[in-house]
Structures are given as structure tokens and as C-alpha cells.
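> Okay, handing you the structure first.
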Amino acid sequence: MVIRGPHFLISDISVQFTNYYSHFHRSLLESSLAQTHRIMAHLEEAFIPLTPHPRIVNETAPCCNNCLDEVFNILFVLNHKGEYLVYCHKCAMAMKKSFTVLRQVNII
Ligand SMILES: [Zn+2]
């Protein structure tokens, strides 16, 4: 019979949380990458051009002007009275307006 003290319980919990967050981050990144590929395929089928747009290291991702979701990789941009407003794919499709679509590319 193994008697486990509080120290072992705490270390077990930290390992479980570490594994959980590692798995969570991996699945989140895979899901995000798959979504980017789906959006790009949809834009290609609709013959909508993607304009390369530089992304600076440590640049914060813009938020959708409508739903406030973080938008990255593919940005749907509207020029509204000289101000450039960013929207996510979902909101852009619902608005059915003519957007400029930017594809963020890394600058080394
Ligand atoms: Zn949105």
C-alpha cells in the first residue's frame, strides 16, 4: 500500500495541468491552422485575391470590429471614411460587402 502525502498530490496536479495546457495549446493551434486553410480554400474557389501583409514580431493581433474575436493570418479589411476596420471571416461573410483580404506574412 502506497501512502501519498500532500506533496505528491500537489506535484501530480501540476503535471496534469502541464499536460492539459500542452494538449490544449496543441489542439488550439491545429484547429487555428485548419481554419486558416479552410478560409484560404474558400477564397481561392471564389477567386478572391489575397494581398500579402507584413506581420511584425510581437505585433498584437487585431480584433474583429464586430464580434471582438482575435483575427490573425487572414484579415478582412474595410475602408470606412479613411479608417481601416478589420473583421473576422465569419462577420465578413455575414456582412456581404466588398472586403480587401490581407494574408499576414512574417518578416524576418
Ligand atoms: Zn467577427
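Rule-based calculations on the coordinates, nothing more; no lab input. Here the structure is a predicted model, which means the values were calculated and not measured. In this analysis, Cβ positions are derived from the backbone assuming ideal geometry, glycine residues included, and neighbour counts consider all displayed protein chains.
> So if we plug the beta-carbon distance of ASN106 and ALA61 into 1/(1 + (r/R0)^6) with R0 = 22 Å, what FRET efficiency do we get, rounded to 0.05?
0.95
> Test of understanding: what is the full-extension gain from GLU30 to ASP69, defined as 0.36 nm times their sequence separation minus their Cα-Cα distance?
Full extension of this stretch gives 12.3 nm more.
> Then there's this: Using R₀ = 25 Å, calculate the FRET efficiency as 1/(1 + (r/R₀)^6) where r is the Cβ-Cβ separation of MET40 and LYS81; round to 0.05.
Details: r = 29 Å, r/R0 = 1.18.
According to the calculation, E is roughly 0.25.
> For the range 6-103, divide the Cα radius of gyration by the Kirkwood radius and give the resulting Rg/Rh value with two decimals.
1.16
> Got a sec? Charge dipole of the range 6-103, +1 on Cβ for Lys and Arg, -1 for Asp and Glu; which of MET95, CYS67, MET40 is way out at the positive end?
MET95
> Here's a follow-up. For the range 61-108, compute Rg over Rh where Rg is the Cα radius of gyration and Rh is the Kirkwood radius from the inverse mean 1/r over Cα pairs.
Values: Rg = 10.6 Å, Rh = 10.9 Å.
Rg/Rh for the range 61-108 comes to 0.97.
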